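See structure below.
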Amino acid sequence: MIEDDLRAAFARHEPMTPPTGPLRVAIDRLVTRRRRRRRRWQAGSAALALLGVLGIGVPLLTPERTGPPPAADLIGESGRPVPTGALNILLLGLDGDGREVSRTDAMLLVHIPADHSRPYLISLPRDLGVPIPGHGNDKLNAAFPFGAGFTRPEMTKGYELARRTVTELTGIRVDAGVVLTYPTVRALTDAVGGVPVCLPERVLSVHTKRVFPAGCQRLGGAASVDLLRQRNGLPEGGHDRDRNARLFAASLVRQATDQGVLTDPVRLTKLLAAVGPDLVVSPDRAAVLDLLRLVPALRSVEPVGLSLPVVEPTGQDRYLRLDPKLAPEFLTALREDRLGDWTARHPKLVDAGR
């Protein structure tokens, strides 16, 4: 009896049920839109992950893993114009995996001029003596651990103090940044099939005893990390390591460009899966999205390698110092977005091309 009553009730109300066709279409449309947004988010994140390592941009990832940005901020869905002024990105390389406090082995300032001609990779020597906000004078590479803390280091706080220190040193605005660990570099290098690097001199690893001969060679992830760690035994010590880091970054740019990685969403998504979890970046999402829009506008992705001009310590001093003749001119050119003119006047201070 109850079963018959239920059937009768359903029969009476069936004509009142709205058609399911439009509802299903709406659901399918929503699912498709969200899937497309996720793909854009993954591709954009991977593109910027790669570009951050190369010195052209930064990844859309934060330690909090806050998820994709709002739909209006996604690629192709925002009315924000391509940035017209110069942009500066701070790239920090840690000696380790980021789980324990460590100083930065390499610090690169990436300058993209307002004319979108090409990126400049500027090494900031780790042993340069600088004022660190709240911590007195110390080596530049001490800013990161001072900010991150010595127990349970927080990489975003380490990046922030390093950014403030670099800003006060150079007088420029840092728009965004990325912190790289050696596992990240190793994964990225392997993901693009290795990187060809041309070394001006032989390098002997003090860690593995591997010999990197002078000349061109293709390095996998483990070998690349081994090379990037070396400074002991090199003629110019840390200066030579900074130069090798710039050569590696420039070669990685060429490798990715030659493979079409920068424009292939499938490859970019695979890259994200390989390196995304290990990246930590500045949380300025607006600046990150600006950089993503800027990449296609670059006339060349071939970087110009430079180093902030410094002089060796004298007497009891244990820090490098800014070159009193070259550094002021260099920093003025950087602040006024005239590095092209500066490099033309000082060609011997520019890394040789491939």
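Coordinate-derived values only; no laboratory data. Every value quoted in this text rests on a predicted model; they were computed, and no experiment measured them. Ideal geometry is used to build each Cβ from the backbone, glycine not excepted, and the neighbour counts take in all protein chains shown.
Of note:
- Normalising the average separation of contacting C-alpha pairs (under 8 angstrom, six or more residues apart) by the number of residues puts the relative contact order of region 108-251 at 16 percent.
- Distance distribution P(r), region 142-181, all Cα-Cα pairs, bin width 10 angstrom from 0: 32, 53, 15, 1 percent.
- Linear extension gain, Ala222 paired with Thr314, 0.36 nm per residue minus alpha-carbon span: 29.4 nm
- Karplus (6.51, -1.76, 1.60) ³J(HN,Hα), θ = phi - 60°, over region 183-189, in Hz, Gly and Pro reported as x: x, 5, 4, 4, 5, 5, 4
- Taking the number of Cβ atoms within 10 Å of each Cβ as an exposure proxy, the fewest-first ranking of Val179, Val206, Val192, Val211 is Val211, Val206, Val192, Val179.
- In loop segments of region 128-202 as defined by DSSP, the chymotrypsin sites (Phe, Trp or Tyr not before Pro) with at most 10 further C-beta atoms inside 10 Å of their C-beta are Phe150.
- For region 204-215, Karplus couplings with θ = phi - 60° (6.51, -1.76, 1.60), whole Hz, Gly/Pro x: 10, 6, 7, 9, 10, 6, 5, 9, 9, x, 5, x
- The modelled label-to-label distance for the pair Thr257/Asp323, using points 7 Å beyond Cα in the direction of Cβ, is 2.6 nm.
- Fewest-first ordering of Lys157, Lys325 by other beta carbons within 10 Å of each residue's beta carbon gives Lys325, Lys157.
- Compactness of region 107-216 - radius of gyration and Dmax, Cα, Å: 16.9, 45
- Taking amide H positions as modeled 1.01 Å from N, with prolines and chain starts lacking one, the residues under 5 Å from Leu87 and 5 or more places away or on another chain are Ile112.
- Our estimate of slack between Arg335 and Glu201, defined as 0.36 nm per intervening residue step minus the Cα-Cα distance, is 44.9 nm.
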